[in-house]
Every structure is written in structure tokens, then in C-alpha cells.
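For reference, the structure discussed in these notes is given below.
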Amino acid sequence: MMDLFSELFDMFDGMDMFSTQPQKVSYGSACPVCGHTWNDFTRTGRFGCGECYKTFRNGAAQVIRQTQSGDHTGKIPSKYGTEIRARRHLEELKRQLKAAVGKEDYETAAKLHAEIKSIEGGASK
């Protein structure tokens, strides 16, 4: 599953904001489009518009790196939790089956195939 912030980081890739040299954020500057300031961001945790990401790119990159470490898979709603977990488990088994066939580990592949069929057969009943 794609990380929520992958698209955000892809957008920033071309902006040279992840350079190793520390750059100072201009705390007095304001976004030329919406007038949002860095202080507004630190107070609310939100930017005013898309241009704010460019205006405050150095500070935003640092904040994102500090707060978004690791992969976020999201919460599972309790109402649909069982169904979603079962679907994810089935997808994982299929991925493992494909890997086992790729490695020519046919014994493991046969076990995984049988487990997948039992799950899929159980779901259709």
C-alpha cells in the first residue's frame, strides 16, 4: 500500500529541499498567494494553500521528516475491520505464493495455494 505522504515527497523531489546543507526558514515571510506565515503554520499545523509548500519548503521538509517516520498504513474502521484484515491476509498469501513460485519452492507454493483456495472457498459459501 502506498504511503500517504509518498505523493507529497514526490512533489518535493524536484524542489531541492532535501539537500544536506541546513537552510534557514524565513519566519517573517508570508505566502505570496494566501498570506499565510510560518507562525500561522506552527500555530495551526496547516498551510493556507499549495504555494505555502514552496514558500516554506525548507521548514516543511524538516517537519515532515521529524513527524512522519516509518510507513503509515492507516486505521481500520471497527465496522469493517474483520473484512479488511481478511482481504489483506489473502493479498499477502498471494504475494507469498508468487514469490515461492518465482524461487521454484513448489512445496511452499502448494501449501500457500491450498490455504488461498480454502479461504476463497470459505468466502463464497
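The values are calculated or read from the model by the stated rules, or taken from the named source; none is laboratory data. Computed from a predicted structure; not experimentally measured. Cβ atoms come from the backbone with ideal geometry, glycine included; neighbour counts cover every protein chain shown.
Residues in the stretch 83-99 that are farther than 16 Å from GLU120 by Cβ and either of a type in the set (S, T, N, Q) or under 20 Å from the mean Cα position of the chain (by Cα) (or both): ILE84 alone. What tally of residues in the stretch 77-125 results from selecting those that are surrounded by 11 or more Cβ atoms within 10 Å (Cβ to Cβ) and modelled with pLDDT under 70? Of the residues in that region, 1 qualify. Please indicate, with yes or no, whether at least one residue in the stretch 53-73 is among the aliphatic types (A, V, I, L, M) and in contact with an Asp or Glu (Cβ under 8 Å, 6 or more places away or on another chain). Checked the stretch 53-73: no residue is among the aliphatic types (A, V, I, L, M) and in contact with an Asp or Glu (Cβ under 8 Å, 6 or more places away or on another chain).
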